[in-house]
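Every number in this text was worked out from the coordinates using simple rules, so none of it is lab data. Bear in mind the structure is a predicted one, so any value in this text is a computation, not a measurement. Every residue, glycine among them, receives a Cβ derived from its backbone with ideal geometry; neighbour counts consider all protein chains shown.
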Ligand code: GLU
């Protein structure tokens, strides 16, 4: 069997991390089996379509290295995102226009598996209200289920607008085995709604368009969001009406949902921009780290291994590893993965990735992205950091890689790196001496500062003397003379030069700064 999977998003929103995690599974399943991964644009809900959303989602999906083998080739997509393929077009409004679904609709109407519903919007709204008031499940009451041929003809002659509904048979059990959760689900057909499969404008809804496309595009596995589980009996009946044998249908599975730790029990909201697909990249997380974390949200290998490249994941992937319970997003775990990947880079790669991040993600934010970004980092001098990033990119300073080497071991993400190296370039403007890290020397603070400054200026700039050993013995002597711990003396030096109690390793930093700059800072502060 040629495995064919598909990812079929609607262009009604911007991709979030959950989106990428699902693409990843579809991609891995296809690639593992030497099959194809298809992207289908399910844009039949035209009122909710957001122009540009599909291109955005494709661009970022590809950014993660997840490319599709067949997909839309619409003219409104940037050229590099157009794909096409043997079942083109892959955009459902285009397929509708080309009449792809007409025959299927006719078949369903002709064999009585579907019917025209002439109920007005007003009647349906009233029906819904009455049911809601009575605390009943809201559903169609079947009024048009059994119209006579005569009534139908009259309505059609009078051009009464109609939708097409699936005719769910009464008194049946509809059974389904979920490919992901392995749950065996049974529905009582009397509880299943006669869903609309074609809207009054002639455009098919998801139910018809997606199921039909899966069949004609020879999709073998349809893995989709858990919100579609409740519609599965409708789809089963649709297949029956179209005479599609089980072996010709895609096997269907429903993904678990990724829970948001900030709202326990709730899934990661599509409206929360900090989960948007580009947000973590902008915040300086490496794509391979993000991908690796996403691989393990909802899937687990047999051997508890944690680190996978995309190729290794494809190799190890097995649908049986899909987990039944909903995973919860964990920022700390994301940080951990990022740390691992940052530290795996050689220094050259690290500099390269740092510049790439500044240029490609940090400084290319759209205004609305930047606004969200600023909100996220409210407590930081974002403006000054962005300006600093621009300067670095323009100047490409020669000593950057030495500075990066000092922070590579400790940074959580590249945004952290940017903050940690800024002091090399920008002397602290004003220093907050009133910090708890200096509490132990509070009484002798000015004395220690004066002595540290005096000692540092007494050292010749000769590279043999302007070193770790000389500073260390000097600071020890000052500490011993004043009865202050050596570490606290160093803290005074650190704060005076770097402006913060958290700096990259102090000695190496002083070496890079050079005597002149260190003294200028000591004297200024
Ligand atoms: N267009 C559907 C959605 O965005 C796709 C569901 C599916 O994968 O079948 O939810």
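Calculate how many DSSP beta bridges within the chain are antiparallel, expressed in % of all such bridges and rounded to the nearest 5.
Details: 16 of 28 bridges.
Bridges in the chain are about 55 percent antiparallel.
Students often check this: by mean Cβ neighbours within 10 Å, which of 80-93, 260-273 ranks highest, and how do the rest follow? Don't skip to the end; give the middle numbers.
Working: 80-93: 17.3, 260-273: 13.4.
Ranking, from highest mean packing down: 80-93, 260-273.
Sorting check: for 142-149, 206-213, which peptide has the highest mean count of neighbouring beta carbons within 10 Å, and how do the rest follow?
Values: 142-149: 12.9, 206-213: 23.8.
Going by the mean number of other Cβ atoms within 10 Å, highest first, we get 206-213, 142-149.
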Mind listing P(r) for region 316-365? All alpha-carbon pairs, 10 Å bins, whole percents.
20, 27, 32, 20, 1
Tell me the mean residue ellipticity at 222 nm calculated for the chain from its helices only (DSSP H runs of n ≥ 4, each -39500 (n - 2.57), averaged over every residue, nearest 500).
-13500 deg cm²/dmol
In degrees from 0 to 90, rounded to the nearest 10, what is the angle of the helix 121-133 Cα long axis to the longest principal axis of the chain?
70
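Of all DSSP beta bridges located in region 158-263, what percent are antiparallel, nearest 5? Write out the running numbers ahead of the final one.
On the way: 8 of 12 bridges.
Antiparallel: roughly 65 percent of the beta bridges in region 158-263.
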Expected sort for 382, 489 with the fewest Cβ neighbours (10 Å cutoff) up front is 382, 489
Full extension from residue 172 to residue 190: what is 0.36 nm times the residue separation minus their Cα-Cα distance, to one decimal in nm?
5.7 nm
Beta carbons within 10 angstrom, averaged per residue: use that to sort the peptides 13-20, 182-189, highest first.
13-20, 182-189
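As an exercise, take the mean of 1/r over every pair of distinct alpha carbons in region 124-188, invert it, and state the Kirkwood radius in angstroms.
Details: mean 1/r = 0.0655 Å⁻¹.
This gives a value of 15.3 Å.
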Using eta = 0.692 mPa s and T = 37 °C, Stokes-Einstein with Kirkwood Rh from Cα pairs puts D for the chain, in µm² s⁻¹, at 119
Could you list 177, 383 in order of exposure, starting from the residue whose Cβ has the fewest other Cβ atoms within 10 Å?
383, 177
